[in-house]
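Quick notes on the structure that follows.
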Amino acid sequence: MKTKELDFSDREEISRLLRTDLSFADIGRTIGKSKSCVSREVSRRGLNRKTYRAWVADAFAWQEKAKQGRKRKLDHYQELRTVVFGWLRKKYSPEQIVERLKTEYPERKDMRIAAETIYSYLYVHPKQQLRKELLACLRRQRKVRKKRRKPGDPAEKRGKIPNMTSIDERPPEVDSRMIPGHWEGDLMIGLRKQSAIGTLTERTTRLALIVPLKNTDSETVRKAFSREIVRLPAELRQTLTYDQGREMKQHGLFTRDTNVRVYFAHKSSPWERGTNENTNGLIRQYFPKGTNFNSISRRRIKQVQAELNDRPRKCLSFKKPIEVFNQLLQ
């Protein structure tokens, strides 16, 4: 077996030197390998200094080599690979792909795959350019799979909004999500805080509206949000839960124009608008931080809105927001 690391003679030497109580660093210098290489070798599959044997370790190495050479399922089934790659490019998550395959190919056992299989395939794909393209389709776009701690955002210093109604006074039926027509909203700020888009998410169907904005002053935001909301049927225009951003200072006029009552979340409490916060995270797949929204056309923004609403959601039993929304309209 060809390897850049160790061959059987190296392993025999390691096995012999371990009995002399040499350190891993000393053994590595003796055989011309690094300390970490020796350490990994000795601890392979639960072995240790006392149980390490050259022939056992060599057999384990052969098994791992053989396993790496096996064809993965996505390599073997071309149709499955085509569908999975196509949905990845449409920003479906691996979990959404898995569940949607069950819906669209209910009788096809060959069109089944696990989310972990998709992830592992992407992260070990030998074709660098294709691997890079597909990883960029994932929500987090991470180049390496590892857990990351998300730092907390500092609380914003904002002025008081006149006549605002607290979320504490919001009707209790909003929390149940049983009745549609209750929305959550926010702004997504662009490069150097000089551009923005508005986002509105319906709590029951998770339908998202992305609102192009020419400015972030309260009048511009109020008029832009009103234009989007009034296009909806009256029964789907009940309430809007917003953070305490100054752009919603004209909430009274917004309610007059749309008949939608506005309730304000507590400061530094994004979980009180969790549906919208999650939607903003999905939108960041298309418009990452640092995007200049002034350079994005309205047509492109609405394309992203349509694509987002066409993605299956776990919270909807992997139905699409647009499907659930249309069922309500019918």
Identify which of Trp183, Trp55, Trp87 has the largest mean-square fluctuation in a Gaussian network model of the chain, with springs joining Cα atoms closer than 10 Å. Trp55
Loop only by DSSP, 11 or fewer other Cβ within 10 Å of the Cβ. Give me the trypsin sites (Lys or Arg not before Pro) in region 82-138 that pass, ordered by residue number. Lys127
Segment Asn326-Arg40, extension gain: residue separation times 0.36 nm, minus the distance between their alpha carbons: 97.3 nm
What FRET efficiency would be calculated for the residue pair Lys109, Ser317, taking the C-beta separation as r and a Förster radius of 22 Å, to the nearest 0.05? 0.55
What is the spin-label model distance, in nm, from Asp7 to Glu173 if the labels are put 7 Å beyond Cα along the C-beta direction? 7.8
Simple label model, 7 Å out from Cα along Cβ direction - Trp62 to Met164, nm: 7.0
Ignoring the sites themselves, what is the longest stretch of the chain with no GluC sites (Glu not before Pro) in a DSSP loop and at most 15 other beta-carbon atoms within 10 Å? 157-330
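Please report the antiparallel percentage of DSSP beta bridges with both residues in the chain, rounded to the nearest 5.
Values: 13 of 22 bridges.
Roughly 60 percent of the DSSP beta bridges within the chain come out antiparallel.
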Charges only on Cβ, +1 for Lys and Arg, -1 for Asp and Glu: so what's the dipole of the chain about the Cα centre, in debye to the nearest 20? 1100
Under 12 Å from a label point 7 Å along Cα→Cβ of Lys90: give me every residue in region 270-308 with its amide N that close. 307-308
Surpassing 31 Å at the alpha-carbon level, of the pairs Lys109/Lys319; Lys109/Lys320; Lys91/Lys249; Lys160/Lys302, are Lys91/Lys249; Lys160/Lys302
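Got a sec? How would Ile167, Ile189 order by Cβ neighbour count within 10 Å, fewest to most? Don't skip to the answer; put the middle values down first.
Working: Ile167 18, Ile189 15.
Fewest-to-most Cβ neighbours within 10 Å comes out as Ile189, Ile167.
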May I ask which residue of Gly274, Ala114, Gln250 lies farthest towards the positive end of the charge dipole of the chain, with charges of +1 (Lys, Arg) and -1 (Asp, Glu) on Cβ and the Cα centre as origin? Ala114
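Which length gain, in nm to one decimal place, applies between Val230 and Asn292 when the Cα-Cα distance is subtracted from 0.36 nm times their residue separation? Please report the intermediate quantities before stating the final value.
On the way: separation 62, 0.36 × 62 = 22.32 nm, distance 2.75 nm.
Fully extending the segment from Val230 to Asn292 adds 19.6 nm.
A short reminder: the numbers here are calculations on the coordinates, not readings from a lab. All values derive from a computational prediction rather than experimental measurement. Here the Cβ is made from the backbone with ideal geometry for all residues, glycine too, and neighbour counts use every protein chain on show.
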